[in-house]
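Worksheet: one structure, shown below.
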Amino acid sequence: MAMVLLATLFSLLLAATQFNVGACAGSKNIFILAGQSNMAGRGGVSGGKWHGNVPPECQPRSSIVRLSAQLRWEQAHEPLHADIDVGKTCGVGPGMAFANEVLRARGSRFGVLGLVPCAVGGTRIGEWARGTRLYNELVRRATESVRDGGVIRAVLWYQGESDTVNRVDAEGYKGNFERLVMDLRSDLKNPNLPFIQVALASGEGRFVDVVRKGQLDVKLGNVKCVDAKGLRLKEDDLHLTTISEVHLGIKLARSFLNSFGHHL
């Protein structure tokens, strides 16, 4: 009898959570999370497993939701990309720390914050070019995210580690990124869509500085850059630690609030 009552209570709580997410659909402030593994999150992952520890800055709250792989809004929690970057084990990324910092700074008047995870580890920027599978999926998820209301406030982009392996990719990074920004703005029918990109802290190859120069030299309007250089890396010298992901999320939030948050 006790088990039946417990199951009933759980079902009622689940239904209430789903109703609350749906009820505030029209007021969502939406952020696209895209790029590769350091955006998807490898914080706390070791030996192919995530240890499950969630820092205070990344704790779930009722006003932070995510768009699942099945295109359903649900309460957001770590690991945000578990059903998106399915080829690897996901852990803590910058997304939840970003969302919590925005809400901490803006308070309840900000409304519901919606995260749309799209990042996939080990991908070069050429794999995100218009017409590719990853590009099409990003556009599909972004479009679906506003179907029932809400506004895409920014794209958070952390990618480029895989473009450090050969000089041609590294030297072409700036042009490829600028083209990606313009294509997404066109296809999402948002010509002024803000982008906040992350300048690399690490890379898979020896041309990290070449990619970083391209990232830091981007001069497109409504494109800001947050520098990850100096953030502590895991033993693989490639992925950010959990605390580094938290620090990065907070830096991204402050960049958004300082650059684009004045009218909200």
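The values are calculated or read from the model by the stated rules, or taken from the named source; none is laboratory data. In this text the structure is predicted, and so the values were computed from the model without any measurement. For neighbour counting, all protein chains shown are included, and Cβ atoms are generated from backbone atoms with ideal geometry for every residue, glycine included. Areas reflect the complete protein model, heavy atoms only, side chains present, ligands, DNA and RNA absent. Shrake-Rupley method; radii C 1.70, N 1.55, O 1.52, S 1.80 Å.
Where a ≥ b ≥ c are the square roots of the eigenvalues of the C-alpha gyration tensor, would you call region 175-264 rounded, which needs a/c under 1.5, or, failing that, prolate if a/b is larger than b/c, or oblate? Oblate is the answer for region 175-264, as a/c is 1.5 or above yet b/c matches or exceeds a/b. Only protein heavy atoms count here; on that basis, with a 1.4 Å probe, T242 has an accessible area of about 30 Å². Rounded to the nearest 10 degrees, the inclination of helix 242-260 to the longest alpha-carbon principal axis of the chain is 80 degrees. Over the chain, dividing the summed -39,500 (n - 2.57) contributions of all DSSP H runs of at least 4 residues by the number of residues returns a 222 nm mean residue ellipticity of -11500 deg cm²/dmol. Taking the charge dipole of region 29-261 about its Cα centre, with +1 at Lys and Arg Cβ atoms and -1 at Asp and Glu Cβ atoms, the residue from N136, T164, A82 reaching farthest to the positive side is N136. Ellipsoid semi-axes for region 138-209, based on the Cα gyration tensor and the rule √(5λ), read 28, 12, 10 Å when sorted largest first. Got a number for the accessible area of S46? Probe 1.4 Å, square angstrom, nearest 10. My reading of the accessible area for S46 is about 90 Å². Within the shell defined by Cβ-Cβ distances under 12 Å, the residues around D237 carry a net charge of -2, with Lys and Arg each +1 and Asp and Glu each -1. Largest accessible area first, the listed residues M96, M182 line up as M182, M96 when surface is computed with a 1.4 Å probe on the assembled protein chains. Cα centroid distance between region 133-167 and region 207-242, in Å? Between the Cα centre of region 133-167 and that of region 207-242, the gap is 17 Å. Applying the Karplus relation 6.51 cos²θ - 1.76 cosθ + 1.60 with θ = phi - 60° to region 58-75 yields 3J(HN,Hα) values of 10, 5, x, 8, 4, 8, 10, 10, 9, 8, 6, 4, 8, 6, 10, 6, 8, 4 Hz, where x marks Gly and Pro. Across the cross-link table entries K174/K224; K189/K251; K28/K229, which are compared at the Cα atoms, the separations over 21 Å belong to K189/K251; K28/K229.
Among the listed options (1) 66, 42, 34; (2) 57, 44, 39; (3) 75, 45, 36, the one matching Cα extents along the principal axes in Å as calculated from these coordinates is (1). For region 29-261, relative contact order (Cα pairs under 8 Å, six or more residues apart, normalised by length) works out to 26 percent.
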